[in-house]
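Participant: Here you go, one structure.
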């Protein structure tokens, strides 16, 4: 168990660094839990617990750097919570094979669209809050909150892309708001997993500490280097998650 724990701490530290910059860290951390033989639901629950700690660390750092828009998030966060609560209850009872196909197509679209749209997300062009962008944001929060609780692969990537598209944020500001929404969704999921007894705290707590350190480092890098660094990593993670899902479906 000691060797497995060290392995998980190293992998999850790296996943937290990546996730704090561009999202998509779950495709690194969750397979690591499964690789050492942890049952799927327990792996999902423990991964959510550690991710919750990681996103809290990132959220605090982005908030301190004034890259979070609570005037917008006050409308969106309740729907992230509701969506995640519904999603995690569903995932505990059914399989997600068919959803993988939809997610694969969407990730390829997000990655390729961002790749070929040279200026998307590089400049912050947000103007004002409107009924239209709040309604679109609520739909984004509810649907991706559900998806986060249900499957979760690439949810940060989808959130960042959605926030850039709806509010015309740059990637740094989108990442900051994404982390708050991620955190609220993770809290909802963790509560359900905890009630169902699907979290291994013995390994979860030390891994969470490593992920907090990784998230702090990743957030510092994102804030220091800005959108010009985040965008290529974001595109890479979008396409990597898509390839990972395709590989899983083929096998």
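Participant: From the Cα gyration tensor of segment 42-86, with a ≥ b ≥ c the square roots of its eigenvalues, which class applies: rounded if a/c is under 1.5, or else prolate if a/b is larger than b/c, or else oblate?
Facilitator: Oblate, since a/c reaches 1.5 and b/c is not below a/b.
Participant: Relative contact order for segment 159-251: what percent, with Cα pairs under 8 Å and sequence separation of 6 or more?
Facilitator: Relative contact order of segment 159-251: 31 percent.
Participant: Going by how many other beta carbons lie within 10 Å of each one, how would you line up 195, 138, 166, fewest first?
Facilitator: 195, 138, 166
Participant: Let a ≥ b ≥ c be the square roots of the eigenvalues of the Cα gyration tensor of segment 147-251; is it rounded (a/c under 1.5), or, if not, prolate (a/b larger than b/c) or oblate?
Facilitator: prolate
Participant: What is the diffusion coefficient of the chain in µm²/s, taking the Kirkwood radius over Cα pairs and the Stokes-Einstein relation at 10 °C with a viscosity of 1.306 mPa s?
Facilitator: Calculated translational D: 90 µm²/s.
Participant: Let me ask something additional. Along the Cα→Cβ direction, 7 angstrom out, place labels at residue 202 and residue 117. What is the inter-label distance in nm?
Facilitator: Computed distance between label sites residue 202 and residue 117 equals 4.8 nm.
Participant: Does anyone have the angle between helix 155-167 and the longest principal axis of the chain? Alpha-carbon axes, 0 to 90°, nearest 10?
Facilitator: 10
Participant: Something else: To the nearest 10 degrees, how steeply does helix 70-91 sit against the main Cα axis of the chain, on a 0 to 90 scale?
Facilitator: Relative to the chain, helix 70-91 is tipped by roughly 30 degrees.
Participant: Still on this structure, I have one more. For segment 1-74, what relative contact order do you get, as a whole percent, if you take Cα pairs closer than 8 Å and at least 6 residues apart?
Facilitator: Computed over segment 1-74, the figure is 23 percent.
Participant: Work out Dmax and Rg for segment 132-200 from the C-alpha atoms and quote the Rg first, both in angstrom.
Facilitator: 12.9, 42
Participant: I would also like to ask the following. Only helical DSSP H runs with n ≥ 4 go in: add -39500 (n - 2.57) per run for the chain, normalise by residue count and round the 222 nm mean residue ellipticity to 500 deg cm²/dmol.
Facilitator: Taken over the chain, the calculation gives -28000 deg cm²/dmol.
Participant: Between residue 138 and residue 243, what is the spin-label point distance in nm, taking each point 7 Å from the Cα along the Cα→C-beta axis?
Facilitator: 4.0
Participant: Which whole-number percentage describes the relative contact order of segment 2-250, with Cα contacts under 8 Å and a sequence gap of 6 or more?
Facilitator: Relative contact order for segment 2-250 comes out at 42 percent.
Participant: So what's the projected area for segment 9-108, the Cα convex hull averaged over all directions, in nm²?
Facilitator: Averaged projected hull area, Cα only: 7.7 nm².
Participant: Taking Cα atoms, how many degrees apart are the long axis of helix 131-150 and the longest axis of the chain, rounded to 10 and kept between 0 and 90?
Facilitator: The angle comes out near 10 degrees.
Participant: Could you work out how much longer the chain between residue 127 and residue 75 gets when fully extended? Use 0.36 nm per residue separation minus the Cα distance between them, nm to one decimal.
Facilitator: Fully extending the segment from residue 127 to residue 75 adds 17.0 nm.
Participant: I need 52, 178 ordered by Cβ neighbour count within 10 Å, fewest first.
Facilitator: If I rank by nearby Cβ atoms, fewest first, I get 52, 178.
We did not get these values from a lab; they are worked out from the coordinates using the rules stated. Small disclaimer: the values here were computed from a predicted structure and weren't measured. Using ideal geometry, Cβ is built from the backbone for each residue, glycine included, and neighbour counts are taken over all protein chains shown.
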